[in-house]
Amino acid sequence: MMENHQSGGNSGGSDRVDADRPVRVYADGIYDLFHFGHARALEQAKKSFTNTYLLVGCCNDQITHKYKGKTVMTEDERYESLRHCKWVDEVIPDAPWVINQEFLDKHEIDFVAHDALPYADASGAGNDVYEFVKAMGRFKETKRTEGISTSDILMRIVKDYNQYVLRNLDRGYSRKDLGVSYVKEKRLRVNRRLMKLQEKVKEQQERVGEKIQSVAKTASMTRNEWVENADRLVAGFLEMFEEGCHKMGTAIRDRIQEHLRGQQPRDGYLMQDGEDGPITDDDEDYFEEYGEYFDDDNEDYEEYYD
């Protein structure tokens with residue numbers, strides 16, 4: 001006997017299934033860098049009916065890289081992430097890119113759950129992967145979570161790439177682990193050191209301002225007189241200090257670039273802007289000579305502010 005199960009969403013067709021067993025709902029995807037947006041979509045699929053058995057298909061690396069692009073996580077890592085999601089009852093590895101009737105029958109799937117956006121199949125004709133289940137009335141629409149996606153996460157990493165490189169260098173990864181050249185590593189450390197110096201200058205400016213205000217009150221002078229003199233003196237000091245820091249940093253970078261240009265005939269090619277050529281033992285000795293001024297454990301600069 002066929003009876004209606006209570007539905008938690010719009011099925012696009014009849015919800016008539018056997019009331020004596022759970023409704024078998026299938027959801028599929030790549031699930032790279034598994035995040036709460038994925039989990040919420042699976043939660044919606046799980047709650048499509050009052051009694052749901054949720055099967056989740058995940059495509060392998062080969063088919064994913066072919067049709068969607070490179071993933072961060074391997075197929076086994078993506079499968080295992082899904083197994084630890086509380087809404088998932090069963091994971092189907094090596095899921096097909098396009099599901100068909102044979103696949104539905106093999107896994108006894110009653111409904112397919114996914115967001116309603118059309119997804120192109122493998123034909124190249126722009127056909128929707130889920131068109132045939134939609135036409136059959138066996139499609140359950142889920143809603144995407146705004147503000148989170150695998151692409152968004154990757155964009156954040158790419159945007160702040162240099163910060164994440166330094167983060168992992170600080171945590172013990174080698175530059176070779178990160179695919180970073182010796183020159184790139186030194187350049188990042190120098191730039192970070194200069195940023196720290198700028199922060200120190202700002203902190204010192206605030207301290208000087210506070211001390212001047214305190215002295216002004218003690219001497220019973222008008223605030224405007226002290227502010228006028230303080231701004232002039234502090235501005236002059238900061239201008240000279242920042243100019244000196246800038247000249248020092250520029251000189252070091254110029255010497256580095258000059259040294260690299262001197263190595264180009266030996267390397268056999270000219271480096272393009274932003275590229276790093278082969279690094280020799282002489283190069284590393286050179287950078288050690290000038291890079292030590294900006295090493296993270298060099299505390300000489302802090303002494304000027306303490």
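Summary table
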item: Long-range neighbours under 6 Å by Cβ, at least six apart or interchain, first residue closer than 10 Å to Val25 by Cα and part of a loop (DSSP other than H, G, I, E, B) within the stretch 87-113, second among the basic types (Lys, Arg) and open to solvent by 10 Å² or more (accessible area, probe 1.4 Å); result: Glu108/Arg24; Ile109/Arg24; Asp110/Arg24
item: Residue in the stretch 18-52 that is surrounded by the fewest Cβ atoms within 10 Å (Cβ to Cβ), counting only those that are of a type in the set (Ser, Thr, Tyr) and either under 20 Å from the mean Cα position of the chain (by Cα) or more than 16 Å from Glu90 (Cβ to Cβ) (or both); result: Thr50
item: The stretch 140-166 residues that are surrounded by 15 or more Cβ atoms within 10 Å (Cβ to Cβ), paired with ones that are of a type in the set (S, T, N, Q) (beta carbon under 7 Å, 6 or more apart); result: Lys140/Ser11; Lys140/Ser48; Glu141/Asn10; Thr142/Gln44
item: Test set (1) within 23 Å of Tyr79 (Cα to Cα); (2) among the aliphatic types (A, V, I, L, M); (3) over 26 Å from the mean Cα position of the chain (by Cα) - Ala135 fails condition number; result: (1)
item: Condition met for Tyr182 (at pLDDT 90 or above, more than 28 Å from Val23 (Cβ to Cβ), surrounded by 12 or more Cβ atoms within 10 Å (Cβ to Cβ) and not hydrophobic (A, V, I, L, M, F, W, C)); result: no
item: Identity of the residue in the stretch 66-81, open to solvent by 80 Å² or more (accessible area, probe 1.4 Å) and of a type outside the set (A, V, I, L, M), that ends up farthest from Glu43 (Cα to Cα); result: Lys66
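Yes or no, residue by residue, for (1) part of a helix (DSSP H, G or I); (2) among the aliphatic types (A, V, I, L, M); (3) at pLDDT 90 or above; (4) more than 30 Å from Val25 (Cα to Cα):
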residue: Ser151; (1), (2), (3), (4): yes, no, yes, no
residue: Ser174; (1), (2), (3), (4): no, no, yes, yes
residue: Lys211; (1), (2), (3), (4): yes, no, no, yes
residue: Ser220; (1), (2), (3), (4): no, no, no, yes
residue: Asn229; (1), (2), (3), (4): yes, no, no, yes
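The values are calculated or read from the model by the stated rules, or taken from the named source; none is laboratory data. Please read all numbers here as calculations on a predicted model, not as lab measurements. Cβ: placed from backbone, ideal geometry, glycine included. Neighbour counts: every protein chain shown. The accessibility values were calculated without ligands, DNA or RNA, using every heavy atom of the protein model including side chains. Shrake-Rupley method; radii C 1.70, N 1.55, O 1.52, S 1.80 Å.
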